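S.K.: Sharing a structure with you now.
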Amino acid sequence: MTIEDNSLQTFDDFGLHKDILKGVHEAGFRVPSPIQQESIPYIMKGMDVIARAQTGTGKTAAFGLPALHFSRDVSGVNVLIIAPTRELASQVSDELYRLGRFAGIRTVAVYGGQSISRQVDLIGRGAQVVTATPGRLLDHLKSNRLKDKFSPSIVVLDEADEMLDMGFIDDIEAIFGYIPEERQTLLFSATLPKEIRSLAQKILKQPVSIDVIPKEIATPTDILHRYYVIEEREREEALVRLIDTDAPQKALIFCRTKKETDLLSTTLISRGYVAKALHGDMEQSQRNEVMDSFKKGVIDLLIATDVAARGLDITNITHVINFHIPFTPESYVHRIGRTGRAGKKGTAITLVTPLEFKELSRIKHASGVTLDYMEVPTIHQAKKHFKSELLKKLENQPVHEEAVEIMSEFTEEYDVMEVAYKAFSMLLDQRRIDGPNRIGLSSRKVTKLLYNSKKQSHSGRKHSYKPGKKYKRR
Ligand code: AMP
């Protein structure tokens, strides 16, 4: 995201408690972003706000910092944030934990697929900030599991338009039936279709409207985009195969969650790669250390979440690999913008499962990027590729004086050919290509998927996107 440096306000001007400001400082935020500048003063005054802002503009801190400020001395749930997906809910919850931890604020993310009793327990143990997906929250409220533990005085709807698209609008209205009338309500949305405006009329009181026009997203052009269609269980093998064949000098690998970054880096390290994870839970000093070693080439694979990679400014990344497809087209563009910098060529690789195919089409249409379908190389192809790369490297390899000396020593005892065979074998031993011969879907199946997704996007349903047009995220 771009933060204007010529801003008039600083974080100190908002009247936030010093412990909250410490969180801001530790997070490395120097200047409030436009959405923060515009909305924080009103939210601090206790007013309702309806804001048009996209992901990546700093909107979480825009509603989060005042919400945290007002939650310092409260025992029990003071803030409820409703977010469309689990991933966003846990991302928001983590970001608010990070910003509020010096004020002792506890946060909990509540979404489906997690233990119900654990969630109720965490809420009951005094979390002040609850970030929830609509379905699971309504489930808790209907079954009266939260009893008297739940009467938030600040309620935030985050990415309201996504919730509308996902069919959550009725759930949201139902949720408001369980929330005290006396409250401050904030609605953040990338777009404001009429359904969202009419919802706003029902739940907000004399809101201040804030509109931060998103900057156009520019798609870098020096990048080749490839995607591979695989089954979920093949993700790791596919990644490893692609790393082995492409042999990237410096690759930034994106995962959706922090847990995945940790898991993947452990797996890659145990398979002999030099990799490290970068995520928001790490202390700033740790993060700097990791980024530094990536910059210097001490590690060549960096595994990161979107949030962690935001501030990353490294010029010679040769590959951006989407181990998981990003949530939005905008995030795709942000991610791949990390390669192909300073006039250099870059490669963007995306792994998708058939279930994620729709998301891929959405990215293609909204970003206007041409993504080429490729098959994951078989072992045979990977070995062939390795061989041709090896020969290229040999051709370009300057001969060291020391090597000449060593060779003449060796040839006193061994035959020249024998030394050459041994040296080649050593090089081949460094090759890691293994795993199943074939990974990913056959091109016949992918053609079928492509055909189906085209049919859907032509069927006039609501998700038909026009390239170049400002798109609505889902
Ligand atoms: P969001 O739009 O809330 O998803 O935020 C996007 C990213 O910007 C997150 O990684 C935040 O931690 C970061 N961020 C938020 N506010 C600022 C700021 N004022 N300065 C620098 N980074 C920020």
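S.K.: Quick check on my filter: what residues within region 284-327 are more than 16 Å from the ligand (Cβ to nearest atom), of a type in the set (Asp, Glu) and in contact (Cβ under 8 Å) with a residue 40 or more places away in the chain?
M.R.: Within region 284-327, just 300 meets the criteria.
S.K.: Considering only residues that are assigned to a helix (DSSP H, G or I) and surrounded by 15 or more Cβ atoms within 10 Å (Cβ to Cβ), look in region 415-455 and name the one that is modelled with the lowest pLDDT.
M.R.: The residue in question is 453.
S.K.: While we're here: Could you identify the single residue in 89, 109 that is part of a helix (DSSP H, G or I) and closer than 27 Å to residue 284 by Cα?
M.R.: Only one candidate qualifies: 89.
S.K.: Turning to a different aspect of this structure: Taking residue 277 and the conditions (1) free of Cβ contacts under 8 Å to residues at least 60 places away in the same chain; (2) out of contact with any Asp or Glu (no Cβ under 6 Å at 6 or more places or on another chain), which numbered condition does it fall short on, given that it satisfies the others?
M.R.: Condition (2) is where residue 277 drops out.
S.K.: Considering only residues that are part of a loop (DSSP other than H, G, I, E, B) and aliphatic (A, V, I, L, M), look in region 2-24 and name the one that is modelled with the lowest pLDDT.
M.R.: Here the residue is 3.
S.K.: Looking at region 62-75, can you tell me whether even one residue there is out of contact with any Lys or Arg (no Cβ under 8 Å at 6 or more places or on another chain), free of Cβ contacts under 8 Å to residues at least 40 places away in the same chain, more than 13 Å from the ligand (Cβ to nearest atom) and in the same structural domain as residue 198 (by TED's automatic domain parsing)?
M.R.: yes
S.K.: Under 6 Å between Cβ atoms, at least 6 apart or on separate chains: pull out the pairs that start in region 361-382 with a residue that is assigned by TED's automatic domain parsing to the domain that holds residue 452 and free of Cβ contacts under 8 Å to residues at least 24 places away in the same chain and end on any residue that is in a loop (DSSP other than H, G, I, E, B) and acidic (Asp, Glu).
M.R.: Taking only residues 6 or more apart or on different chains, not a single pair turns up.
S.K.: Just checking, does region 33-51 include any residue being at pLDDT below 95, aliphatic (A, V, I, L, M), part of a loop (DSSP other than H, G, I, E, B) and more than 11 Å from the ligand (Cβ to nearest atom)?
M.R.: The answer is no; no qualifying residue exists.
S.K.: Here are 389, 356, 330: which of them is among the acidic types (Asp, Glu) and free of Cβ contacts under 8 Å to residues at least 40 places away in the same chain?
M.R.: 356
S.K.: Specify which of the listed residues (58, 100) is in the same structural domain as residue 169 (by TED's automatic domain parsing), among the small types (Gly, Ala, Ser) and touching an Asp or Glu at 6+ places or on another chain (Cβ under 9 Å).
M.R.: Among 58, 100, only 100 is in the same structural domain as residue 169 (by TED's automatic domain parsing), among the small types (Gly, Ala, Ser) and touching an Asp or Glu at 6+ places or on another chain (Cβ under 9 Å).
S.K.: Then there's this: Can you tell me which of (1) modelled with pLDDT of 90 or more; (2) touching a strand residue (DSSP E or B) at 6+ places or on another chain (Cβ under 6 Å) is the one residue 174 doesn't meet?
M.R.: It fails just one condition, (2).
The values are calculated or read from the model by the stated rules, or taken from the named source; none is laboratory data. The structure displayed is predicted, hence computed values, not measured ones. With ideal geometry, Cβ positions are generated from the backbone for all residues, glycine too; neighbour counts draw on all protein chains shown.
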